[in-house]
Amino acid sequence: AQSVSQHNHHVILSEAASLELGCNYSYGGTVNLFWYVQYPGQHLQLLLKYFSGDPLVKGIKGFEAEFIKSKFSFNLRKPSVQWSDTAEYFCAVTPSGGSYIPTFGRGTSLIVHP
Amino acid sequence: EPEVTQTPSHQVTQMGQEVILRCVPISNHLYFYWYRQILGQKVEFLVSFYNNEISEKSEIFDDQFSVERPDGSNFTLKIRSTKLEDSAMYFCASSEAEAGELFFGEGSRLTVL
């Protein structure tokens, strides 16, 4: 079964700092990749996704992620964070064939100080 | 914007009691899911539901758990006899297609005493 690792569990940044959250997965086949975000008091929502094509995908609010197949990674980046980016970030992986059930990582809590 | 709604937002129950968590998925979605997140741990898949039956379930989803879609709108998760370790945030989600984007509810926090 596939697994998803998010190595940064808690990240604290100041506004305007750059962000990179790591996500690695273990699955040998073709995958669909997602980053979800959960703002305080709100539901999980999609930030960005990768199915195929350009491995650098852009999402909402200035976020982007790069799929590096050789490293089984899908790291999330943002060049300059804002206080409003304070949230929990979850990486998820779905195999393209077979089970379509997304597997989630444990999440990374990001706190941005103004 | 259509959304997934969950009730209750928080439930406190005694060990051994039955709990029903309710979800109203987005109306044109066909795939429904329950996930849970124990505090400080990862979001874990419980069960998926399609075409009025369970399509996949995890090893967490044992005989104490059941799901039902009693009418055209609600999707419920029942825990027959709660245990302390069932304390978690339970998320309902729906999607329009297989392997597509999941739309989540805000979660139901279950506390078992």
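The values are calculated or read from the model by the stated rules, or taken from the named source; none is laboratory data. In this text the structure is predicted, and so the values were computed from the model without any measurement. Here the Cβ is made from the backbone with ideal geometry for all residues, glycine too, and neighbour counts use every protein chain on show. Surface areas here come from the heavy atoms of the whole protein model, side chains and all, with no ligands, DNA or RNA. Shrake-Rupley method; radii C 1.70, N 1.55, O 1.52, S 1.80 Å.
Whenever a residue of the stretch B:8-31 is more than 23 Å from residue B:50 (Cα to Cα), its partners that are open to solvent by 20 Å² or more (accessible area, probe 1.4 Å) and β-branched (Val, Ile, Thr), lying with C-beta atoms within less than 7 angstrom and at least six residues away or across chains, give the pairs B:12/B:111. When residue A:21 is tested against (1) open to solvent by 10 Å² or more (accessible area, probe 1.4 Å); (2) out of contact with any Gly (no Cβ under 9 Å at 6 or more places or on another chain), only condition (1) is not met. Every listed requirement among (1) closer than 20 Å to residue A:81 by Cα; (2) free of Cβ contacts under 8 Å to residues at least 60 places away in the same chain is met by residue A:28 save one, (1).
Within the stretch A:57-73, does at least one residue satisfy the condition of being aromatic (Phe, Trp, Tyr) and at positive phi?
Keep residues of the stretch A:57-73 that are aromatic (Phe, Trp, Tyr), which gives A:63, A:67, A:72.
Keeping just the survivors that are at positive phi gives A:72.
For the stretch A:57-73, residues aromatic (Phe, Trp, Tyr) and at positive phi: present.
Taking the stretch B:87-112 as the range and being more than 12 Å from the chain's Cα centre (by Cα) and under 19 Å from residue B:40 (Cβ atoms) as the test, the residues that pass are B:87, B:111, B:112.
Within the stretch A:82-93, identify whether any single residue is out of contact with any Pro (no Cβ under 6 Å at 6 or more places or on another chain) and within 9 Å of chain B (Cβ to nearest Cβ), and answer yes or no. Step through it out loud before you land on a result.
First, the residues of the stretch A:82-93 that are out of contact with any Pro (no Cβ under 6 Å at 6 or more places or on another chain): A:82, A:84-91, A:93.
From the residues that got through so far, the ones that are within 9 Å of chain B (Cβ to nearest Cβ) too are A:90.
Yes - at least one qualifying residue is present in the stretch A:82-93.
Please enumerate the residues belonging to the stretch B:39-76 that are small (Gly, Ala, Ser) and either assigned to a loop (DSSP other than H, G, I, E, B) or surrounded by fewer than 11 Cβ atoms within 10 Å (Cβ to Cβ) (or both). Write out each step before concluding.
Within the stretch B:39-76, the first condition is being small (Gly, Ala, Ser), and the residues that meet it are B:40, B:48, B:55, B:58, B:66, B:72-73.
B:40, B:58, B:72, B:73 - these are the residues of the stretch B:39-76 that are small (Gly, Ala, Ser) and either assigned to a loop (DSSP other than H, G, I, E, B) or surrounded by fewer than 11 Cβ atoms within 10 Å (Cβ to Cβ) (or both).
Kindly evaluate residue A:73 against the criterion of being out of contact with any Gly (no Cβ under 9 Å at 6 or more places or on another chain) and either of a type in the set (S, T, N, Q) or away from chain B (no Cβ under 11 Å) (or both). So residue A:73 does not fit the description; no.
Per-residue answers, yes or no, for (1) more than 17 Å from residue A:103 (Cβ to Cβ); (2) not hydroxyl-bearing (Ser, Thr, Tyr):
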{"residue": "B:30", "(1), (2)": "yes, yes"}
{"residue": "B:40", "(1), (2)": "yes, yes"}
{"residue": "B:48", "(1), (2)": "no, no"}
{"residue": "B:55", "(1), (2)": "no, no"}
{"residue": "B:61", "(1), (2)": "no, yes"}
{"residue": "B:75", "(1), (2)": "yes, yes"}
{"residue": "B:98", "(1), (2)": "no, yes"}
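Only one entry in B:113, B:77, B:30 is hydrophobic (A, V, I, L, M, F, W, C) and within 14 Å of chain A (Cβ to nearest Cβ), namely B:30.
Among the residues of the stretch B:85-102, those that are surrounded by 21 or more Cβ atoms within 10 Å (Cβ to Cβ) and within 8 Å of another protein chain (Cβ to nearest Cβ) comprise B:91, B:93, B:102.
Pairing each residue of the stretch A:84-104 that is at negative phi with any residue that is in a strand (DSSP E or B) and of a type in the set (D, E, K, R), provided the two are 6+ apart or on different chains, yields C-beta distances under 8 Å for A:85/A:78; A:99/B:56; A:101/B:56; A:104/B:44.
Which members of the stretch A:96-114 meet the condition of being under 16 Å from the mean Cα position of the chain (by Cα) and either more than 21 Å from residue A:7 (Cβ to Cβ) or part of a strand (DSSP E or B) (or both)?
Going through the stretch A:96-114, the residues under 16 Å from the mean Cα position of the chain (by Cα) turn out to be A:102-111.
Scanning the stretch A:96-114 gives A:103, A:104, A:108, A:109, A:110, A:111.
The set of residues in the stretch A:1-60 being in contact with an Asp or Glu (Cβ under 7 Å, 6 or more places away or on another chain), in a loop (DSSP other than H, G, I, E, B) and away from every other protein chain (no Cβ under 12 Å) consists of A:55 alone.
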